[in-house]
Amino acid sequence: QSLIKSQIQVGKIITPDYTIQGDFLDFKPHGFCFKYFHPSPPPIPPSVPPPSTSIPPPSSSPSTPTNPPTTPIQLITHYYIGHYENGQEQGYGKRTYNLNLYYTGLWHNSQPLSGTLSWPEGATYTGQFLHNKRHGHGTYTWPNSRGSYTGSWLNGLEHGHGTRLWTEGDSYTGSWHSGKRVGFGRYIWKNGSRYEGGWEECVQEGEGEYRWRDGRRYGGGWKGGKKEGEGEYEWPDGGWY
């Protein structure tokens with residue numbers, strides 16, 4: 001049944017898989033609609049790996065980041081409420097997946113464009129999407145306030161420039177490649193020691209400078225997270241080697 005109103009029909013469509021009711025144009029959802037899917041067996045829930053909780057001493061390698069879970073493009077949708085255009089989710093809307101997974105924000109051609117994705121464990125991502133993956137600029141927050149990453153994303157992984165904060169007090173700001181620290185960046189430990197220089201596979205590599213909190217300094221070569229090659233030590237009293 002439907003009510004014709006200025007070429008916009010208000011009604012309901014029921015299929016074996018879902019029911020949708022709201023505004024229609026030329027028999028397609030167009031305007032504000034509510035779409036819910038009929039019950040089906042839920043898949044395995046997405047996992048949210050906890051970040052590293054250990055704080056390495058100044059002479060050790062920094063904390064290794066844990067990658068956020070991928071966007072649940074394969075999960076079953078419970079319902080969508082929001083705007084449609086020519087049968088596609090378009091504009092602002094909210095979609096609830098199984099296991100209390102939510103996305104709220106802007107849609108384009110039935111795909112997330114910019115908004116917030118919330119996992120049941122408490123993790124959240126707020127930012128841009130492309131092809132159902134984190135892509136562009138955004139912030140991912142681990143559950144229970146266990147840290148965050150803010151910066152560039154590519155195909156669901158940290159890529160480009162960004163800042164990772166650990167709850168224990170460590171931080172890294174710099175270049176990322178496919179979810180790992182690669183390139184130039186600055187890592188600061190909670191005790192005040194810091195390293196600034198090259199990175200490869202999340203460890204110090206190439207030229208870099210390490211400063212201890214007591215004023216000592218080393219500048220020079222690194223390989224595999226260890227000092228190697230030519231370098232210079234400097235002590236707080238002015239001595240150097």
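The values are calculated or read from the model by the stated rules, or taken from the named source; none is laboratory data. Not measured: the values here are computed from a predicted model. Note: ideal-geometry Cβ built from the backbone for every residue, glycine included; neighbour counts use all protein chains shown. Surface accessibility is based on the protein's heavy atoms, side chains included, excluding ligands, DNA and RNA. Shrake-Rupley method; radii C 1.70, N 1.55, O 1.52, S 1.80 Å.
What residue, among those in the range 207-216 that are in contact with a strand residue (DSSP E or B) (Cβ under 6 Å, 6 or more places away or on another chain) and open to solvent by 30 Å² or more (accessible area, probe 1.4 Å), is farthest from E168 (Cα to Cα)? Before you say what the answer is, go through the steps one by one.
Taking the range 207-216 first, the residues in contact with a strand residue (DSSP E or B) (Cβ under 6 Å, 6 or more places away or on another chain) are 207-211.
When the remaining residues are screened for being open to solvent by 30 Å² or more (accessible area, probe 1.4 Å), the result is 207, 209, 211.
Working: E207: 27, E209: 23, R211: 19 Å.
The selected residue is E207.
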Among what's in the range 143-173 and is more than 9 Å from the chain's Cα centre (by Cα) and either of a type in the set (K, R) or part of a loop (DSSP other than H, G, I, E, B) (or both), pick the residue that is nearest to E121 (Cα to Cα). R146
Search the range 12-40 for residues that are under 21 Å from Y92 (Cα atoms) and pair each with any residue that is of a type in the set (G, A, S) and assigned to a loop (DSSP other than H, G, I, E, B) when their beta-carbon atoms are under 7 Å apart and the residues are at least 6 apart or on different chains. K28/G87; P29/G87
Pairs, first over 24 Å from G183 (Cα atoms) in the range 216-238, second assigned to a strand (DSSP E or B) and of a type in the set (A, V, I, L, M, F, W, C), C-beta under 6 Å, six or more apart: E234/W240
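Quick one: which residue in T139, T167, T173 is among the hydroxyl-bearing types (S, T, Y), surrounded by fewer than 18 Cβ atoms within 10 Å (Cβ to Cβ), touching a residue at least 24 places away in the same chain (Cβ under 8 Å) and touching a Gly at 6+ places or on another chain (Cβ under 9 Å)?
On the way: T139 fails: touching a residue at least 24 places away in the same chain (Cβ under 8 Å); T173 fails: touching a residue at least 24 places away in the same chain (Cβ under 8 Å).
Just a single option satisfies the conditions, and that option is T167.
Being over 22 Å from E200 (Cβ atoms) and part of a loop (DSSP other than H, G, I, E, B) is the filter here, so list the residues in the range 222-241 that pass it. Before the answer, list the steps.
Filtering the range 222-241 down to residues over 22 Å from E200 (Cβ atoms) leaves 233-241.
Matches in the range 222-241: W235, P236, D237, G238, G239, Y241.
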Among the residues of the range 176-202, how many are surrounded by 17 or more Cβ atoms within 10 Å (Cβ to Cβ), within 20 Å of the chain's Cα centre (by Cα) and not in a strand (DSSP E or B)? 2
Among the residues of the range 106-132, count how many are within 21 Å of H159 (Cβ to Cβ) and either surrounded by fewer than 20 Cβ atoms within 10 Å (Cβ to Cβ) or among the aliphatic types (A, V, I, L, M) (or both). 12
